[in-house]
Amino acid sequence: MAERICRALRDGVLEGEHAPALTIKDSIQSPFGFLVFNHVLSQLSSFIVAQKSQSQGIVLVALSRGPLYYEELFKSKGNDVSSSNKWIRVLDCCTDPLGWRSKLMESGRIANLTLGTSTTASLYKNAKDLDKLLLAITELGKELVGDGKGRFAVAIDSVSEMLRHTSISSVAGLLSNLRSHDQVSCLFWLLHSDIHETKATAALEYISSMQASAEPRTRPVNGQRGNYEKLPFLEQNLRGGKIHVRFKRRNGRVRLMSEEFCIEQSGIKFTPISSEAEMMARSLVPKVQFNLQLSEKERNDREKVVLPFEHQGNGKTIQIYDGRKSLNEDKPEMQYTSAEKVQTVKDSGRGEIIYFRDSDDEMPDSDEDPDDDLDI
Amino acid sequence: MAGNKPRASSFSRNFSAASNTISQIPGLKHGPNGTMFLSSGIPDLDKILGGGFTLGSLVMVMEDPEAPHHMLLIRNFMAQGLVHKQPLLYASPAKDPRGFLGTLPSPMFSKDEKSRDRDVEQEKGLRIAWQYKKYFGEQNSEFQRDGKSEYCNDFDLRKPLERHFYSGQQIDCISLQDSADLTTFQDRCSSFLSQTSRNDRNITCAGRIAIQSLGAPQCDFSDKECDMLSFIRSLKSTIRSSNAVAVITFPPSLVSPAFSKRLQHLADTLVSVKAIPDEDKELAKLLTGYQDMVGLLSVHKVARINTQVPTILEATTFSMKLQKRRSLILECLNQAPVDGSTGSSYASSSSCSGSSKTGSLDF
């Protein structure tokens, strides 16, 4: 299922639609969002290097960890770093997001820092201005794939960091503009859901088409916060957890999937969930009624039933049937049962109406029986 | 399907020759209590609402953040307006709203497609057991389908709307993303509605306003809820005195509950769409036709203008299905047959809450 996410990002966007966008959420109870992010990033980069994906490059907006971290990451995963400037550009918003260092350096307060940055990183100093950030991202993307039909993927290290500097509406604007940009193939970002207002998290979920949230494997029974500090819970929850994914499919249905993950030396490993599937909330289904439509067979049978007055007006004499005489034509024998209502019997031949008279024990010509002139 | 029968009273409006011109305007028809309807673009929705959207009313659609079904409603609404040559105003939070016009569906004409033939056939073959038939001759009840343009078209969602519907049409597209507040948009709406105002007796045409995702997070004014409320209030009052219908969709999960409630009360017709989980075995067992369903549509309020009598619908929730992947149909939810072992559902009363699976169903 983590495979599905990576495949969805790899396949990218269809013509005329918005790019798929993934939100990776975590919280303090299961703080492994960045590991999931790294996993997705390295998977996507291996697809790109092998040229199996729609996007030809990644633009990584690094807000919480610097470009050196990502170089190390790629080296450890075995990706070739030397050729990395062909398929990745890092927008370094981590070293100096608000431009304070450069101001201090200009005024001579601090010495010039030599950061061992690679050729793929470019420094960005204006984290508060998201219009400029959008421009910077798209320019880097165009550097990677050229101006034509090529597409690039965008990875945002932490939208939580972005939300520190600007409002949710500008972040939402940036993300939706990226989604509808002609050259963006897919988009994914990391979010720490418990440090923001619910409105911000809801807005980001609204914009994304897939959500992967990392949750603890076990939750304490009585839900008190103090329990999280109990050692067995901590131990279990720090070794792994569950990841729940919600896909918004194109036809409007929502696909829900879950997997377990565990943290190992080499990174994160996903395994299918062992316990039984959870029950879906059925409260969304309101009053349902029974099916009043007829199937094909039922409709055919209904056609064959001879209705009471149907043969009248054909010139034959009218015989009023009152349910007590037996007719001389090929009708089956009537059974005199009391307290039965009129039933319609469907069988394979002619459909017939078997009429059981309501009030059989009464005198004939009684006014109470309204079916007196029922003529079959 | 649920339809509601209008209450027939002994008084009826005398439609004189002067108002016959109204019925000749395509796309409008008379409704009860002196109102007029225009079509929503979805035949089933028109039936459920008792004729269509009332002119002068405000329709609100509550979105589900996980499904794009509100777009289906807006697309059909706009496409119907273009087919009937009604002026259209469209606003959305996208940077380029004109691009959305390319996704509008094309109408299916009854001559080419048998879209509604199941209904037609049943009506033609209707056999009536009527005891006074012998006194009358054979009466033909022909189903007349004339060549005039229909009030409501069936739309084929897979084919885009042809170019000739766009030419010569007044279509205004407004992007809500860049404006810091709603004043310019409000002015645009007022000037649009002044074209279709109700001052003169004769209507030339009706207008349509479609606002998509008011309150989406990309717009700067999304946190200024008071401004949005006053905009909707002024829009509602302007629309009431003009011959137009406004359809506004908003995401209730992204705005505060108080604001959402206020918007729901401001609406004349309130509809909500909901997503359904994919490959849910429980739902598949519970509902027939689950495979074809794409979502659920609930009607919460139906516009009633000039009357105090509310509309009470037989069913308020409908399943949205794409018939042959093309046209949108709304059906009542049908419960799947209960298997014989549980048994008691058939014997229970006609109310559908009598299901034997007590634990798992919560109506």
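The values are calculated or read from the model by the stated rules, or taken from the named source; none is laboratory data. What you are looking at is a predicted structure, and each value in this text was computed from that prediction instead of being measured. Here the Cβ positions follow ideal geometry from the backbone for every residue, glycine too, while neighbour counts run over all protein chains shown. Calculation scope for accessible area: heavy atoms of the full protein, side chains included, ligands and nucleic acids excluded. Shrake-Rupley method; radii C 1.70, N 1.55, O 1.52, S 1.80 Å.
A few remarks follow.
- Relative packing of peptides A:66-73, A:14-21 - highest average C-beta neighbours within 10 Å first: A:66-73, A:14-21
- FRET efficiency, B:CYS226 to B:SER298 (Cβ-Cβ, R0 41 Å, nearest 0.05): 0.90
- Peptide B:215-222, shielding by other chains (average Cβ, 10 Å cutoff): 6
- Partner shielding of A:198-209 amounts to 4, given as the average count of beta-carbon atoms from other chains within 10 Å of each residue beta-carbon.
- Net charge over other residues, Cβ less than 9 angstrom from the Cβ of A:GLN183 (K, R count +1; D, E count -1): +1
- Paramagnetic reach from A:TRP100 (point 7 Å along Cα→Cβ, amide N under 20 Å) across segment A:158-183: A:158-167
- Fraction of beta bridges assigned by DSSP in segment A:2-283 that are antiparallel (%, nearest 5): 45
- Environment charge at A:LEU130 (Cβ cut-off 13 Å; Lys +1, Arg +1, Asp -1, Glu -1): -1
- Set A:LYS25/A:LYS86; A:LYS125/A:LYS149; A:LYS25/A:LYS52; A:LYS269/B:LYS281; B:LYS261/B:LYS281 screened for pairs whose C-alpha atoms are more than 32 Å apart: B:LYS261/B:LYS281
- Peptide A:253-261 has a mean shielding of 3, counted as Cβ atoms of other protein chains within 10 Å of each residue's Cβ.
- Probe 1.4 Å - accessible area at B:ASP44, Å² to nearest ten: 0
- Space enclosed by the convex hull of the alpha-carbon atoms of segment A:2-283, per residue, Å³: 162
- Heavy-atom accessible area with a 1.4 Å probe sorts A:ARG246, B:ARG325, largest first, into B:ARG325, A:ARG246.
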